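After the structure tokens below, expect a handful of questions from me.
Since every read-out is calculated from the coordinates, none of them should be taken as a lab result. Just so it is clear, the model here is predicted, and its values are computed rather than measured. Cβ coordinates were reconstructed from backbone atoms using ideal geometry, including for glycine residues, and neighbour counts include every protein chain displayed.
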Amino acid sequence: MTAQIIIAVPKGRILKEVLPLFAALGIVPEPAFGDEDSRLLRFATNRPDIGLIRVRAFDVATFVAHGAAQLGIVGSDVLMEFDYSELYAPVDLDIGHCRISVAEPVAMAAGDDPREWSHVRVATKYPNITRRHFEARGVQAECVKLNGAMEIAPVLGLSSRIVDLVSTGRTLKDNGLAEVETIAQVSSRLIVNRAAFKTRAAEIGPLVEGFRKAVEAKDAA
Amino acid sequence: MTIAPGLLPEGLRDRLPPQAEAGSRLLHRVIVAIGRHGYARVSPPLAEFEEGLVGQLKSAGARDLLRFVDPVSQRTLALRPDITAQVGRIAATRMGHRPRPLRLAYGGPVLKLRATQLRPERELTQAGAELIGTDSLAAVIEILRVAVEALEVAGVTGITVDLTLPDLVETLAAGAMPLPADKVDAVRAMLDAKDAGGLASLGADAYLPFIEAAGPVGPALAKLRAIAGAQTLDKRLEAIEAIVAAIGDRVALTLDPTERHGFEYQTWIGFSLFGDGLSGEIGRGGSYTIVHPDGTEEKAIGFSLFIDPLVDVGLGVVEHRRVFLPLGTDAATGAALRADDWITIAALSESDDAAALGCTHILRGNIPQPI
């Protein structure tokens, strides 16, 4: 088998935390990979058998689920949202920590009791997670799908609540929102395409093991 | 609203030449290869009473069936999403009196209620074999050999067989590695997705080594043996070793002890089949239990292959020599050419054009000459 192993990595803030993991495995991407301004989508590494692609976080899961990339790094929020059957997430990389939460305007939160909800209207990038979460507690959620800037939705009356990623809570605060419920803790995971995991075990096994060791070494330090 | 001409419902498609022919050729080759091992073909109907399709196999979950009410009987009928359960019904009823082990083969279309983005087809051609009356190690090895041979005959190369132990979590949770009853399903789902982080968040860290154990069968067995509490699995692991000894030289073998993907009704062993250049799994099988009408249970083992992914990568296409027979060619000449493995395209009018009709040759002076 001569085809390259492709690792899909999300754009954005996670990139800085991923590079030390790659370094621990002895994988050195070409310089343009760390450059946020680069327009390239596909990057070489010092290992001819490994290539990298840089795509949106949601697309990382899609590329790997379809087997277009064999490995990927993605937040568990994306895995929860898609629930693709063809993805394995064998290593918790212990980076990109945040949580996915329900938030609403501060004034509303002051007089609101979540136990009394029967129907909520929620702006979110995660309609599946949102619907599942509310259904499980007996609340019907009407989702308005947005791709970013959820925080503005309550102010302008698009929806009363939002479900979004929260790390420091600063963005919520700046927009007059308060976190009222945590749906799940999120961290980045190494994901593997199921068929590739079986049919290219000799190449992929050592990489998965390498990431696992790198995370253990980092946690021990 | 009118439907655009030619539009088909989601997940359904027309197969055109040469793929339509490739599909029927591959199905035929696979069935013949299976038949050579003594598996006799049965052909259940495309639709039957809904009750007939569920409940034939022990612990089969409620299925998503494409149902409709039969205007004649006023009963609910369903289109089959899988032929295995139908073969189970045949084995338990009409062929219940035949001597065991009973070897049956089948092939035909199945229809799923839903397509997914990853598997967009709703109609698939399923072929397979079921060995009814035993799920012994010898039976497992026979079924695996038949499955591998059927794939080889279809032209699949670089075959990987992924073995799994479908009831592992239940077995361990009830004994050596106890889990709260309300967590068993969640732990199983996390192990299925090999979600290390999710498993840890459920407090089932003891099961993490099973995720790490998945991989090529040799190292996987060694890792499994090292897991505290997994000693109760010794017999299973010995069986896996026997399978490796039997087919390890023909295919690549991996072991994934906690895989559950679609193994709803399998008992002690299951397997998935993969091939080079094919993006998803192309077949699966395992041991299961058939429930007879009187409630008695019978062990069985079998496998199914899906023909469509093979057709999609171009297997089964055979290049034919196609000769154009000009007007006035006598019937016996054409018959002789066909007997010699030619495809003949007879002119019906003076204006017929050999090249436009896809001919590779034209008959001149009773001899086919390249165009």
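Starting at the first residue of the stretch B:317-333, write each ³J(HN,Hα) from the Karplus equation 6.51 cos²θ - 1.76 cosθ + 1.60 with θ = phi - 60°, in whole Hz, x for Gly and Pro.
Using θ = phi - 60°, the values come out as 7, 10, 6, 10, 8, 10, 10, 8, 9, x, 3, x, 5, 7, 4, 5, 4 Hz.
Looking only at other chains, what is the average number of their beta-carbon atoms within 10 angstrom of each beta-carbon in B:116-122?
Going residue by residue through B:116-122 and averaging, the value is 3.
Using the Karplus curve 6.51 cos²θ - 1.76 cosθ + 1.60 with θ = phi - 60°, what ³J(HN,Hα) values do you get for each residue of the stretch B:221-237, in whole Hz, with x for Gly and Pro?
Using θ = phi - 60°, the values come out as 5, 4, 5, 5, 5, 7, 6, 5, x, 8, 4, 4, 8, 3, 5, 4, 5 Hz.
To the nearest 500 deg cm²/dmol, what mean residue ellipticity at 222 nm is calculated for chain B from DSSP H runs of n ≥ 4 alone, each contributing -39,500 (n - 2.57), summed and divided by the residues?
Estimated from H runs of four or more residues: -8500 deg cm²/dmol.
Here's something else I'd like to know. Listed here are the pairs A:Lys11/A:Lys218; A:Lys16/A:Lys213; A:Lys145/B:Lys183; B:Lys194/B:Lys223; which of them are more than 26 Å apart at the Cα?
A:Lys145/B:Lys183
Is there a simple number for the mean count of other chain Cβ atoms within 10 Å of the Cβ of residues in A:61-67, and what is it?
2
Please figure out what share of the DSSP beta bridges in the protein assembly as shown is antiparallel and state it in percent, rounded to the nearest 5. It would help to have the intermediate numbers written out before the result.
On the way: 75 of 104 bridges.
Of the beta bridges lying entirely in the protein assembly as shown, close to 70 percent run antiparallel.
A further question on this structure: For the stretch B:167-258, what does the relative contact order come out to in percent, with C-alpha contacts under 8 Å and a separation of six or more?
Relative contact order of the stretch B:167-258: 32 percent.
Can you work out the FRET efficiency for the pair B:Met1 and B:Leu113, with r the C-beta to C-beta distance and R0 = 41 Å, to the nearest 0.05?
0.95
Determine, for each peptide in B:267-275, A:56-64, the mean count of other beta carbons within 10 angstrom over its residues, then list the peptides with the highest first.
Working: B:267-275: 24.6, A:56-64: 21.7.
Descending mean neighbour count gives B:267-275, A:56-64.
For B:Asp195, what residues show an amide H to amide H distance below 5 Å, using hydrogens built from the backbone and excluding near sequence neighbours?
When sequence neighbours closer than 5 places are left aside, the close amide H contacts are A:Ala89.
A further question follows. Report the Cα centroid-to-centroid distance between the stretch B:99-131 and the stretch A:12-76 in angstrom, as an integer.
First find each Cα centre; the distance between them is then 38 Å.
Let me ask another. Which of these, B:Arg225, B:Arg103, B:Arg75, has the largest mean-square fluctuation under a Gaussian network model of chain B (Cα springs below 10 Å)?
Its mean-square fluctuation being the largest, the pick is B:Arg75.
Counting DSSP beta bridges with both partners in chain B, what percentage is antiparallel, nearest 5?
Close to 80 percent.
Under the definition of Cα pairs under 8 Å and six or more residues apart, what whole-number percent is the relative contact order of chain B? Kindly include the intermediate steps, with their values, before the conclusion.
Numbers: 628 pairs, mean separation 72.3, N = 371.
Once divided by the residue count of chain B, the mean separation gives 19 percent.
Please list, by residue number, every one of the GluC sites (Glu not before Pro) in the stretch B:1-105 that is coil in DSSP and has at most 11 other beta-carbon atoms within 10 Å.
Those that pass, being in a loop and sparsely packed, are B:Glu10.
Checking a compactness column here: for the protein assembly as shown, what do you get for Rg(Cα) / (2.2 N^0.38 Å), N being the number of residues?
Here the Cα radius of gyration is 1.13 times the empirical estimate.
Now, a different point. Report, in deg cm²/dmol and to the nearest 500, the calculated mean residue ellipticity at 222 nm for chain A, where each DSSP H run with n ≥ 4 adds -39500 (n - 2.57) and the sum is divided by the residue count.
-9500 deg cm²/dmol
Next question. Can you give the mean number of other chain Cβ atoms that lie within 10 Å of the Cβ atoms in peptide B:154-162?
Taking the mean over all residues of the peptide, I get 2.
Report the net charge of residues surrounding B:Val318, where surrounding means a beta-carbon distance below 13 angstrom and charges are Lys +1, Arg +1, Asp -1, Glu -1.
So the surrounding residues net to +1.
For the stretch A:156-212 and the stretch B:74-94, compute the distance between their C-alpha centroids and round to whole Å.
Taking the Cα centre of each part, the stretch A:156-212 and the stretch B:74-94 sit 43 Å apart.
Reachable aspartates and glutamates from B:Lys299, Cα under 13 Å, same-chain residues fewer than 8 places away excluded?
Here the aspartates and glutamates satisfying the reach criterion relative to B:Lys299 are B:Glu130, B:Asp135.
If packing is taken as the average count of other Cβ atoms within 10 Å, what order do A:132-142, A:197-207 fall into, highest mean first?
A:197-207, A:132-142
Residues of the stretch B:95-127 with the amide nitrogen closer than 16 Å to a label point 7 Å from the Cα of B:Phe68, along Cα-to-Cβ, please.
B:110-114, B:123
Please report how far the C-alpha centroid of the stretch B:11-57 lies from that of the stretch A:86-129, rounded to the nearest whole angstrom.
46 Å
Step through the residues of the stretch B:190-198 one at a time and calculate ³J(HN,Hα) from phi using the Karplus curve (6.51 cos²θ - 1.76 cosθ + 1.60, θ = phi - 60°), rounding each to whole Hz and writing x for Gly and Pro.
Per-residue couplings from phi come out as 5, 5, 4, 7, 6, 9, 4, x, x Hz.
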